[in-house]
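Here is the structure we will look at.
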Amino acid sequence: MPASKLRVLSVRLPEKELRRFKSLAASRGITVQEAVHQALEAWTSQLPKTPPESLAALQGSLAGVDVESLMQQDRAAEFAKDRRWS
């Protein structure tokens, strides 16, 4: 894929784990980028073929909770944390 079509995925890992992942990838002759791509492909291939229920249809402890709003707040907090590390 051309570099202009690629987007950045940022993952925070403990340094020890990152070193281990890099070492494992290198020992197999691939980059960490390719290892992550393979892992995400393997994960998505195991997902159910039917889409999950809508957030509005949640039951149990999440019934009546504005889950989308909570997710947006969490995402904004993660972005703020990422900006502090830049």
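Taken together, the values in this text are just the output of simple stated rules run on the coordinates, not laboratory data. Quantities reported herein were computed from a predicted structural model and do not represent experimental measurements. Because the Cβ atoms are built from the backbone with ideal geometry, glycine has one as well, and the counts that use them run over all protein chains shown.
Straight Cα distances below 29 angstrom link residue 81 to the lysines 5, 16, 22, with same-chain residues fewer than 8 positions distant left out.
Using R₀ = 22 Å, calculate the FRET efficiency as 1/(1 + (r/R₀)^6) where r is the Cβ-Cβ separation of residue 83 and residue 35; round to 0.05.
My answer for the efficiency is 0.20.
As a rough guide to protection, the peptides 20-33, 67-80, 37-50 ranked by mean Cβ packing within 10 Å, highest first, stand as 20-33, 67-80, 37-50.
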